[in-house]
């Protein structure tokens, strides 16, 4: 069991927030396959003041989509206070502040991982969020801007601000997603704080999840890219942690049925045109490692209609 905030989860595995990925249908699909806690996509603090269609879409949820976390991207205390007031109209369980996104379009606006440059500034922002939030607060960080030794001090400043847990990606901002996860520095973070540490980075399999636990002492792991086209990873990690055995991978029929289920959920949520566009990347992810799939992947950008996508999925099944 994993406890953080007011939550008690049966497994220490969560679905990390991913911009453009962890929409309502993606969360619900992963929940069908063993994901207990999930985050929405990152929500920019600026957009909440206008409650645009995109923002409302990101925050769309339902009673079955719980427990749930919302992640905010912001750097202004007054604006974050306003955001928290607006979010009282939504049902969720955890509020996370993003201090980890390394993408240039985010950091050039002094947001995301830029907050790692000053622990004093991050501490002040987090204190505002913790004080005004009606739900427990977490923060997602990296090990530092350019030095992984910064991770300990960053986590301590977050703990001092009153967050209920810290989510730590095991790389610096400068590394982006290159190189290897720094397990030793993650362990230093865990050893330094008294709040739960949720470790993130390269959790692509049950074995790598166990390696993360064993080498860092983390209380939980956050699965991000490892879930893309692989909703089975949550149950695989849970089973491996409990028994040391990894369940059989899905059969060809189950793989194809899951692709179609996923696509149907997209159709219901986005409508035909957008669902086709949004599912193209997932088609690539679901077909990773399959023999002879390259010609089908090369045609994915040409798929325009729902029937075109279903036909391509059927072609994939026939090649298995």
Which of the residues spanning the range 126-136 are in a loop (DSSP other than H, G, I, E, B) and in contact with a helix residue (DSSP H, G or I) (Cβ under 6 Å, 6 or more places away or on another chain)? 133
Can you name the number of the only condition in (1) in a helix (DSSP H, G or I); (2) more than 17 Å from the chain's Cα centre (by Cα); (3) surrounded by 15 or more Cβ atoms within 10 Å (Cβ to Cβ) that residue 250 fails? (1)
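With 263, 240 as the choices, which residue is surrounded by 13 or more Cβ atoms within 10 Å (Cβ to Cβ), over 19 Å from residue 208 (Cβ atoms) and either out of contact with any strand residue (DSSP E or B) (no Cβ under 6 Å at 6 or more places or on another chain) or not assigned by TED's automatic domain parsing to the domain that holds residue 14 (or both)?
Exactly one residue qualifies, and that residue is 263.
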Within the range 271-280, which residues are in contact (Cβ under 8 Å) with a residue 12 or more places away in the chain and either under 14 Å from residue 23 (Cα atoms) or in a loop (DSSP other than H, G, I, E, B) (or both)? 275, 278, 279
Name the helices (runs of 4 or more DSSP H) wholly inside the range 23-79 in which the number of residues that are exposed (fewer than 15 other Cβ atoms within 10 Å of the Cβ) and more than 14 Å from the chain's Cα centre (by Cα) is 1 or more. 24-32, 53-59
Take the residues in the range 137-161 that are under 21 Å from residue 223 (Cα atoms), touching a residue at least 40 places away in the same chain (Cβ under 8 Å) and not in a strand (DSSP E or B), then tell me which one is nearest to the chain's Cα centre (by Cα). 143
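Could you go through the range 162-177 and let me know if any residue there is surrounded by fewer than 22 Cβ atoms within 10 Å (Cβ to Cβ), in contact with a helix residue (DSSP H, G or I) (Cβ under 6 Å, 6 or more places away or on another chain), in contact (Cβ under 8 Å) with a residue 24 or more places away in the chain and within 18 Å of residue 96 (Cα to Cα).
yes
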Take the residues of the range 281-318 that are free of Cβ contacts under 8 Å to residues at least 24 places away in the same chain and part of a loop (DSSP other than H, G, I, E, B): which is nearest to residue 256 (Cα to Cα)? 289
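Residue-wise test of (1) modelled with pLDDT under 95; (2) out of contact with any strand residue (DSSP E or B) (no Cβ under 9 Å at 6 or more places or on another chain); (3) within 22 Å of residue 164 (Cα to Cα).
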| residue | (1), (2), (3) |
| --- | --- |
| 16 | no, no, yes |
| 29 | no, yes, no |
| 36 | no, no, yes |
| 39 | no, no, yes |
| 55 | yes, no, no |
| 65 | no, no, yes |
| 71 | no, no, yes |
| 110 | no, yes, no |
Would you mention how many residues in the range 290-320 are surrounded by fewer than 12 Cβ atoms within 10 Å (Cβ to Cβ) and in contact with a helix residue (DSSP H, G or I) (Cβ under 6 Å, 6 or more places away or on another chain)? 1
Go through 139, 128 for me and flag whichever is assigned by TED's automatic domain parsing to the domain that holds residue 15 and either more than 19 Å from residue 73 (Cβ to Cβ) or in contact with a strand residue (DSSP E or B) (Cβ under 7 Å, 6 or more places away or on another chain) (or both). 139
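The values are calculated or read from the model by the stated rules, or taken from the named source; none is laboratory data. All values reported here derive from a predicted model rather than from experimental measurement. As a convention, Cβ positions derive from the backbone with ideal geometry for all residues, glycine included, and neighbour counts pool all protein chains shown.
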